[in-house]
Amino acid sequence: MKLLKWSNYIMLAMTVILLGLTVWSSATGVKVFSNVWVVFLLAAFVALQTICLFSRKPKLSVYRIGFYVMHAGIVLFLIGSFIYYVSGDKLTVAIPVEPGKQYSRIKRSEEVAGKDMFVDLGFDIGVSDFKVEKYEPDERGYQADRYYEATLVITDAKTRKTSEVALTVNNPYRKNGWKIYLMSHYNQSLLNILFKKDPGEYVSLSGIWTMIIGSCMMCFTRHRMGDAK
């Protein structure tokens, strides 16, 4: 019991620290989660969650099962995040709208420690067309973008099969483990495109859903127990 009690206190302190680091990273743009000590903190957090899972003998009750399910979800989520830290990647690239032009390697817009400036995607990519729909002009004559769409031309490196893909904002396209996002444009001639590779994505998502299920089992069971009293 003492081990469980102290592990809960330590986890609470770690949660506060990690949330603080997340807020600070978002506000300042500093990539704190690439620091080895922060990774060590996450690993310790996973270890403590595992201790919570096995510190008590399992009981056949919905509340107790929900407790284990929720903590298992936390472990899965952190494992998925660690997989992304180890083997994931994210880069923003400016690609011109130029029919007939494709790129097999792309260059990062900024240097990242431990990463090459040029990245081989495993396929060729280019932008053949770009369309923009605008709102009505305001009192100053300015017209904001309402919708824009890019036509990507992608050629597989192995089969050399070429396909065209319509890429819009908030609707990424997946290819060879990469998620491709259309971010913005410069005078409709140069597109800002985000490439993200997250091998631990589905592990993290399964962890989130597992946490939700476990939390619901605990909350509804606790509520029902309170009504019974």
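The values are calculated or read from the model by the stated rules, or taken from the named source; none is laboratory data. Keep in mind it's a predicted model, so treat the numbers as computed, not measured. Note: ideal-geometry Cβ built from the backbone for every residue, glycine included; neighbour counts use all protein chains shown.
Of all residues in region 114-149 being among the basic types (Lys, Arg) and at pLDDT 85 or above, which is nearest to Gln102 (Cα to Cα)? Once the filter is applied, the top-ranked residue is Lys131. Selection over region 164-180 of residues that are within 20 Å of Ala144 (Cα to Cα) and hydroxyl-bearing (Ser, Thr, Tyr) gives a count of 1. Note on region 108-147: among residues that are assigned to a strand (DSSP E or B) and either outside the structural domain of Ile180 (by TED's automatic domain parsing) or of a type in the set (Val, Ile, Thr) (or both), the one that is nearest to Tyr85 (Cα to Cα) is Val119.
Scanning region 162-183 for residues that are surrounded by 14 or more Cβ atoms within 10 Å (Cβ to Cβ) and either touching a Cys at 6+ places or on another chain (Cβ under 8 Å) or under 16 Å from Glu133 (Cα atoms) (or both) turns up Leu167, Thr168, Val169, Leu182. So for region 73-88 (the condition being at pLDDT 80 or above, touching a strand residue (DSSP E or B) at 6+ places or on another chain (Cβ under 6 Å) and surrounded by fewer than 18 Cβ atoms within 10 Å (Cβ to Cβ)), does at least one residue qualify? Within region 73-88 (the criterion being at pLDDT 80 or above, touching a strand residue (DSSP E or B) at 6+ places or on another chain (Cβ under 6 Å) and surrounded by fewer than 18 Cβ atoms within 10 Å (Cβ to Cβ)), the answer is yes, since at least one residue qualifies. Candidates are the residues of region 149-193 that are in contact with a strand residue (DSSP E or B) (Cβ under 7 Å, 6 or more places away or on another chain) and in contact (Cβ under 8 Å) with a residue 60 or more places away in the chain; the one that is farthest from Ala94 (Cα to Cα) is Gln188. Of everything in region 89-113, what is charged (D, E, K, R) and modelled with pLDDT of 85 or more? Give them in sequence order. Selection gives Asp89, Lys90, Glu98, Lys101, Arg105.
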